Every structure is written in structure tokens, then in C-alpha cells.
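Single-structure report; data block below.
Each value in this text was obtained by applying a stated rule to the coordinates, not by laboratory testing. Because the structure is predicted, anything quoted here is derived from the model rather than measured. Heads up, the Cβs are rebuilt from the backbone with ideal geometry, glycines too, and the neighbour counts pull from every protein chain shown.
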């Protein structure tokens, strides 16, 4: 699972800087506080990339991370990619409400002996920003922000020794493909294999 991620304050990627600025302008108009840098936690309002409702162009928006499950009353902020298409609450999102969550790194905690845990930061091997695959839902109240969940998959290779799950990561070169409702969810998600490296923090 992914319960924390981090966005650097001094961003080097100009495209990501523009995305943050665009989402911040929308958040200001809506009078909501957008987390533009630092550690992002569930229930925070964060930068999300999604298709525009007007022209389906890829744009930046503020969205809230996680939502309350309608029957269980629990906060849902991660969703398994293996079961998302089978769940009623995500069926529509899998088809046409996909999104991307930019991050400099994400965090996982490895269980040690006793009750101790070691935090690890996972970042792209090439040093570029990560784009975590997600789904979003709209609430019945149009005044409320959309909410998003991060898709997870089984951890690959050596990462399994640190944590059994990891976010699904989409290279930015395939961002538009992922966001398009014309792209088959299963085919694309099983074709992704982004390389990440871990560092104890």
C-alpha cells in the first residue's frame, strides 16, 4: 500500500511546476488548501492530473486523497489494481476516470523485529518525477472536490523484501494513453514496469 508520498518544494521539472501552479489557481478559487510540497497524507488535497471535462486534454486539478467507504465507513486511499474493475464503486472510474498523482518519491515501512519499522523512500531510478496511477470519483455534491485513490500492485523483484505492495507507476511518456478511456485498463496496467530505487530514511 502507499500511505505517504512526497513532493519536493524546489521542483526541477518545469512541466511539474506548471501543473502545481495550475492546480493551485483552481484551489484558490475554491478556497481549499492544496498541498503543493512536502509529505502528502490521506485526506490532504493534492495535485492530480486528469482529462479536462471540456476537451479531454490532460490538465492539473486539486483533489482529495481518499474517501469514506459508503457502507464500511472506512477511509479508502489505496485500491488493488487486481480487484478494482470488479468493485461497483470503481467500475466507472476504471473506464473513464483515471488519473495520475505526481510525486518525487513515495514511502513504505518495512517491519523489523518487535514493533519497530524502518521507513524507505522509493524514487524513480532515472531521477525523474513519479506519476502514480489512480482513479477518482465525483461526489453527489458538486461543491465538493473529487476524491482519488492510488492503485497498487504486487511489489516487483527486490522491492518485495521491503514491502509486499507498491503503487502502479506510469511513465509520463504514456500519460495520455493511461488517461484515455479508449485504452484497455488490463492491457496497459500489465504492460507497465517502471524501475524504482529504495533508500532508508
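Extension gain, residue 201 to residue 174, is 6.7 nm, computed as 0.36 nm per intervening residue step minus the present C-alpha separation. DSSP finds beta bridges in the chain, and of those with both partners inside it, around 85 percent are antiparallel.
Each part gets one Cα centre, and for segment 135-192 versus segment 62-122 those centres are 9 Å apart.
The per residue volume of the convex hull around the alpha-carbon atoms of the chain is 133 Å³. Only helices enter this figure: runs of n ≥ 4 DSSP H residues, each worth -39500 (n - 2.57), summed and divided by the residues of the chain, yield -5000 deg cm²/dmol at 222 nm to the nearest 500.
Dimensions of segment 127-172 along the principal axes, based on C-alpha atoms and rounded to the nearest Å, stand at 44, 23, 12, largest first.
Each principal axis of the Cα cloud of segment 85-174 was evaluated for its coordinate range; sorted largest first, these ranges are 46, 34, 26 Å. Extension gain, residue 37 to residue 144, is 36.3 nm, computed as 0.36 nm per intervening residue step minus the present C-alpha separation.
Going by average Cβ density within 10 Å per residue, which order do the peptides 96-107, 24-35, 43-54 take, highest to lowest?
So the order, starting with the most tightly packed, is 96-107, 43-54, 24-35.
Here the Kirkwood formula, the inverse mean of 1/r across different C-alpha pairs, assigns segment 25-77 a hydrodynamic radius of 12.5 Å. Multiplying the residue separation of residue 96 and residue 184 by 0.36 nm and removing their Cα-Cα distance gives an extension gain of 30.6 nm. Structural descriptor for the chain: relative contact order 22 percent, calculated from alpha carbon pairs under 8 angstrom and at least 6 residues apart.
Across segment 89-136, C-alpha contacts under 8 Å between residues 6 or more apart give a mean separation that, scaled by the residue count, equals a relative contact order of 48 percent.
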